[in-house]
Amino acid sequence: MNEALLLKKQTKKYIDTADDKVVKMVHAMLQANAETDWWDEIGEDEKASIERGLEDGAEGKTKKHAEVMKKYKKWL
């Protein structure tokens, strides 16, 4: 029997005897695993923009938060 199939069978047995707290934790883990990643849901233009921003940050082409806030303080 394949290892993954064996683990699934054992897990099902544990869940059948587990208390509510454990069942809720396992459910939350499985649900989180099933949800899609936001990165997969955004467009290619958005991904490219984020990647450019990360590259700019890595190259030091950014401004400090305090510097930006000082410039735009009048709008707060």
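Assorted remarks:
- The lysines whose alpha-carbon is closer than 25 Å to the alpha-carbon of LYS64, local same-chain residues fewer than 8 away aside, are LYS47, LYS73, LYS74.
- Solvent-accessible area, 1.4 Å probe, carbon plus sulfur percent, for the chain: 56 percent
- Hits among lysines - C-alpha to C-alpha of LYS21 under 21 Å, sequence gap 8 or more where chains match: LYS8, LYS9, LYS12, LYS13
- All C-alpha pair distances within the chain, sorted into 5 Å bins from zero, spread as 3, 11, 10, 11, 10, 10, 8, 8, 10, 8, 5, 4, 1, 0 percent across the bins.
- Inter-label distance, ASP16 to GLU55: 5.6 nm, where each label sits 7 Å from its Cα along the C-beta direction.
- Rounded accessible area per residue of the chain, 1.4 Å, Å²: 99 Å²
The values are calculated or read from the model by the stated rules, or taken from the named source; none is laboratory data. None of the values given here were measured: they were computed from a predicted structure. Neighbour counts are summed over all protein chains in view; Cβ atoms, including those assigned to glycine, are modelled from backbone coordinates with ideal geometry. Accessible surface areas use protein heavy atoms only, side chains included; no ligands, DNA or RNA. Shrake-Rupley method; radii C 1.70, N 1.55, O 1.52, S 1.80 Å.
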